[in-house]
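One structure below.
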Amino acid sequence: MKLLLSILFCVALAVGFTADTAKKLPNVTISDLQGKPVSIIDAVGAGKVTVLSFWATWCSPCKRELDAITELYPEWVENYDMQLIAISIDNSRMLPQVKPMVEEKGWEFRILMDSKQELQHALEFQAIPQTFVIDKEGNIIFQHEGYNPGDEFELEKVIKEAAGKL
């Protein structure tokens, strides 16, 4: 019985340890709009709450989500000292459409590109839009798939809490 309890305790510790380490943002290099490499760890930086929003030019819900966030973004930056990085997963054939769409939409947050879906694979998700909130220490504290009108207000609650503004 003691052996069984010891094994279960070790397994529980291992599962807990894996869950904790899985919450760290992976160190993957993607690119900016000019094609220059950018480490996602460097882009997120330390000491600032960051929202990572994965999208594509062909994804209507993605564009609706980013348009809704655009309305609130200046206030979020001012109130919570946060940043949003919108990461396009468009493939190399579609990449030329990203910059014109960003300009047309007037999105003022940082845009990066994961055209080989390396960051997407490292974060282990398939569907977009996919939104992550990264805390000031670089930990993934929230993940959300899809978009429904009003999701941006739920996202703001997470940002507010992460920024310590409750």
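The values are calculated or read from the model by the stated rules, or taken from the named source; none is laboratory data. As the structure is a prediction and not an experimental result, all values here were calculated from the model. Cβ coordinates were reconstructed from backbone atoms using ideal geometry, including for glycine residues, and neighbour counts include every protein chain displayed.
Some notes on this structure:
- Positions within the stretch 139-158 being in a helix (DSSP H, G or I), crowded, with 16+ Cβ neighbours inside 10 Å and hydrophobic (A, V, I, L, M, F, W, C), in sequence order: Leu155, Val158
- Positions within the stretch 44-79 being at pLDDT 95 or above, under 20 Å from His121 (Cα atoms) and in a helix (DSSP H, G or I), in sequence order: Cys62
Conditions (1) touching a Ser or Thr at 6+ places or on another chain (Cβ under 8 Å); (2) among the aliphatic types (A, V, I, L, M); (3) in contact (Cβ under 8 Å) with a residue 12 or more places away in the chain, marked per residue:
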| position | (1), (2), (3) |
| --- | --- |
| Lys23 | no, no, yes |
| Ala56 | yes, yes, yes |
| Glu65 | yes, no, yes |
| Trp76 | no, no, yes |
| Tyr80 | no, no, yes |
| Ile87 | yes, yes, yes |
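- Any hit, the stretch 106-115, residues being of a type in the set (Ser, Thr, Tyr), assigned to a loop (DSSP other than H, G, I, E, B) and within 21 Å of Leu25 (Cβ to Cβ): yes
- Considering the stretch 78-99, and only residues there that are small (Gly, Ala, Ser) and surrounded by 20 or more Cβ atoms within 10 Å (Cβ to Cβ), the residue that is nearest to Leu166 (Cα to Cα) turns out to be Ala86.
- Once the stretch 39-62 is narrowed to residues that are of a type outside the set (A, V, I, L, M, F, W, C) and touching a helix residue (DSSP H, G or I) at 6+ places or on another chain (Cβ under 7 Å), the residue that is nearest to Thr131 (Cα to Cα) is Ser53.
- Some residue of the stretch 62-76 being of a type in the set (A, V, I, L, M, F, W, C), in contact with a Pro (Cβ under 8 Å, 6 or more places away or on another chain) and surrounded by fewer than 16 Cβ atoms within 10 Å (Cβ to Cβ): no
- Of residues in the stretch 133-166 being free of Cβ contacts under 8 Å to residues at least 60 places away in the same chain and acidic (Asp, Glu), the one nearest to Glu78 (Cα to Cα): Glu161
- Tally of residues being in contact (Cβ under 8 Å) with a residue 60 or more places away in the chain and part of a helix (DSSP H, G or I) across the stretch 25-43: 3
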